[in-house]
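Scroll down for the structure; my scribbles are underneath it.
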Amino acid sequence: MVLPNGKTVIKPRSNALLVTAIIIIFSLISVKVTGFSFAVLAKRGHQFWFLVAQMFPINTHYLPNIWEPLFDTIKMSLLGCSIGALLAIPFAMIASNNLVHSKIVISVTRVIFSILRTLPTLVTALIATYIWGLGTLAGTIAIFVFSFSYLGKLLYEEIETVDMGPYEAMQSLGLNWIDCFRYAILPEILPYFISNSLYCFEGNVRYAAILGYVGAGGLGLIINEKISYMEWDKVGMILVMLFFTVAIIESTSHYIRKRIT
Amino acid sequence: MIKFDHVTKVYPNGVVGLKDVNLEIEQGEFIGIIGLSGAGKSTLIRAINKMHDINEGSLNVDGLEVKDLKGSKLRAYRTEIGMIFQSFNLVTRTTVIKNVLTSFVPKLKGWRKITGTFSKENEIAALDALDKVGILDKAYTRVDQLSGGQQQRVALARTLAQSPKVILADEPVAALDPITANQVMDDFKRINDDFNITVLINIHHVDLALKYVHRIIGIKAGEIVYDGPSENINDEILANIYDNKLPGGREKDEETK
């Protein structure tokens, strides 16, 4: 582009067109590979509504049997998430390159985080049932492993973006590095950390609801059972309860997160 | 007394920070360190509290060889030396008093340290430090509500709460407007006068430095090229320190000569 005074500015070429083309090509490939078919989707689609219709009216007499597994589900996610969040702090500290200078310590911790994060929660829960037996303990451990790795990664990324000025000031005051972290970095990251932990807890309630499928306790146990008995009205009751629980937890956590950040 | 004896510092990337520096600083001096950016002003100041290590020579502070200090000994030594930064380096999400109280953290024990519970004496000492710099009324305000000048005073109060023997200030007024800069320099002068604390200030504003400090150290490419009373500073000396690239009006004077 040429300005009236003769100066030229080269405008960088946009690659939006190329990116769009690539996205379309990959979408087409994935449709082909996964065997996704609109025909089947349209033909069998009414079956979904048929199932939904079978769930209503929901069986309210079944409600007393839901409370216990529902609270188990919430307990698993709350406990697993809390322990995971607390334990994530020291590990995130030694995974942050602005707090620790040993490349080995940093990479080993990060590899641990990545390995644990790639483990699907359902698989962790299944393995945990073989070690600690069927029940909520296995579910809690599975949720703990996921929360620990997920929050740990978010936390060290957060720590690394913090302004190191206050940390330097604390060093000059004669604080050791753990105290420097406690007094200079923690106040800056705490709102985000609590927010992430709450978000994690929200998600975990939903995860925990299916862990019963592998025997790790909670709602999944009875969902699995009622689906196999085709007692759709009871399944409907469970899902309605799950919906309200998740909605209440989500709106509460959303409110708190908005207040603190 | 702070004594530099043939101190040399070379950064790992080969940049020379300090080159054969010899200095003697008595307790209670008020010193301005001037020089171009990258000349080694920061390195000189940070060598004193070992925020930067030196490679060669000896740096002795009140009988302690700074080079040999490590771990808890180094931290104990640092509690006696205050430091002020260009960007204030306060924890902005919390209150003024909590920032000042951090200078008592090294003395806290056990659960008090973890929870950040300070004794009443500490709180009174913190408020007293805030009073000394005239911002007692802001004690329970969040730091991010304060202006730059006020924030630098909070930083000053944090340092005063340590009851330091020496205050190192790295460009303390560079981020402030001229009026606030003068006020902060007044604070430094008062602290220096009233408490006999040695003050070393890195400063870009030569006029401001000459107005306040008693002694000027000029540094160029890691070497001390001037060390003497601020009254003796003249254009020729400044031209040498600043490599003939003098700021503001002086540059024109140089060119017309």
At a Cα cut-off below 21 Å, give the lysines reachable from residue A:43, other chains included and same-chain residues fewer than 8 away excluded.
A:32
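Just check the protein assembly as shown against the gyration tensor rule for me: Cα atoms, a ≥ b ≥ c as the square roots of the eigenvalues, rounded for a/c under 1.5, and otherwise prolate or oblate depending on whether a/b exceeds b/c. Intermediate values should be presented prior to the final figure.
Values: a/c = 2.81, a/b = 2.05, b/c = 1.37.
The shape class here is prolate.
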Is the shape of chain B best called rounded, prolate or oblate, per the rule: a/c under 1.5 gives rounded, else a/b larger than b/c gives prolate, else oblate, with a ≥ b ≥ c the square roots of the Cα gyration tensor eigenvalues?
oblate
Given A:51-63, B:183-195, the highest-first ranking by average Cβ count within 10 Å works out to B:183-195, A:51-63
If you count, for every residue in A:160-172, the Cβ atoms of partner chains within 10 Å of its Cβ, what is the mean?
6
Relative contact order of chain B: what whole-number percent is it, with Cα pairs under 8 angstrom and at least 6 residues apart?
27
Give the peptides B:6-15, B:82-91 in descending order of average Cβ contacts within 10 Å, highest first.
B:82-91, B:6-15
Treating cross-link reach as a plain straight distance, find the lysines whose alpha-carbon is under 17 Å from the alpha-carbon of residue B:211, omitting any fewer than eight places away in the same chain.
B:189
Partner lysines for residue B:70 [C-alpha distance under 26 Å; skip if fewer than 8 residues away on the same chain]
A:103, B:3, B:9, B:19, B:41, B:50, B:107, B:109, B:113, B:165
GNM top mover of B:116, B:218, B:28 - chain B, alpha-carbon springs below 10 Å:
B:116
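Helix-derived [θ] at 222 nm for the protein assembly as shown: sum -39500 (n - 2.57) over DSSP H runs of at least 4, divide by residue count, nearest 500?
Details: 21 runs with 289 residues, N = 518.
Taken over the protein assembly as shown, the calculation gives -18000 deg cm²/dmol.
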The range A:48-147: C-alpha gyration tensor shape, a/c 1.5 cut-off, then a/b vs b/c
prolate
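Values quoted throughout were computed directly from the atomic coordinates according to the rules given, and no laboratory measurement underlies them. What you see is a predicted model; the values in this text were computed from it and never measured. Cβ atoms come from the backbone with ideal geometry, glycine included; neighbour counts cover every protein chain shown.
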